[in-house]
Amino acid sequence: MNFFVVFISIILFIFSKDIHAAPPSLKTPAPVIYLADNLDEEYQLGWCIDTKGRGFSDKLHAHSCKPGGGDVQFSFDRKYGLIKSVTFENKCLANLGSDLGTRFGLIDCKIGSPFQSFKYISSTQEFRSNAIINGCIVVGKESRSAGPFMARDLYIANCQSVEPRFREWIIKED
């Protein structure tokens with residue numbers, strides 16, 4: 001290889017963690033809420049909100065978006081700010097605490113609850129908590145194996161302290 005190719009390769013390696021991955025090749029049917037950046041999802045399926053384990057769970061994390069849909073399908077009720085499970089009737093994403101770093105659960109929807117109410121900011125693609133000042137829904141920086149798929153933590157963090165690629169969400173409606 002010539003010097004120029006080696007030099008460019010080294011530069012790209014050094015700065016590679018600051019480069020955004022491509023958008024996912026989403027195969028999950030709508031409605032679905034997914035991360036705008038594929039990050040390191042190995043099959044380019046993207047990252048969706050998901051119940052932990054198989055079937056219903058009251059604990060949530062980020063997970064590879066499943067091509068068949070199911071427990072990774074969520075919709076956003078703009079009127080009430082609720083992030084609703086499509087699969088589990090009357091179940092909504094909720095902060096499980098009132099501090100930054102709080103994880104999410106899937107509980108009965110309650111209109112007006114600040115712990116279940118979010119604003120979606122289209123210009124920044126962020127879900128902002130109505131209960132925690134400057135709190136955004138984010139995925140963790142580290143991924144882990146989840147059977148044939150991948151998973152990450154899902155929690156509330158200060159919007160300005162997290163890189164955009166970990167907090168930018170896309171809402172795909174019917």
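The values are calculated or read from the model by the stated rules, or taken from the named source; none is laboratory data. Remember, predicted model here, so these are calculated numbers, not experimental data. Cβ atoms come from the backbone with ideal geometry, glycine included; neighbour counts cover every protein chain shown. Calculation scope for accessible area: heavy atoms of the full protein, side chains included, ligands and nucleic acids excluded. Shrake-Rupley method; radii C 1.70, N 1.55, O 1.52, S 1.80 Å.
Can you tell me how many residues in region 29-66 are buried (at least 22 other Cβ atoms within 10 Å of the Cβ) and farther than 14 Å from residue 165 by Cα? The qualifying residues number 11. Residues in region 122-174 that are in contact (Cβ under 8 Å) with a residue 40 or more places away in the chain and among the basic types (Lys, Arg): 152, 165, 167, 172. When the strands (runs of 3 or more DSSP E) confined to region 67-174 are screened for residues that are open to solvent by less than 50 Å² (accessible area, probe 1.4 Å) and aliphatic (A, V, I, L, M), those reaching at least 3 such residues are found at 135-139, 154-158.
Residue under question is residue 163, and the condition is that it be among the charged types (D, E, K, R), farther than 29 Å from residue 68 by Cβ and modelled with pLDDT of 95 or more; does it hold?
Here the answer is yes, as residue 163 does meet what is asked.
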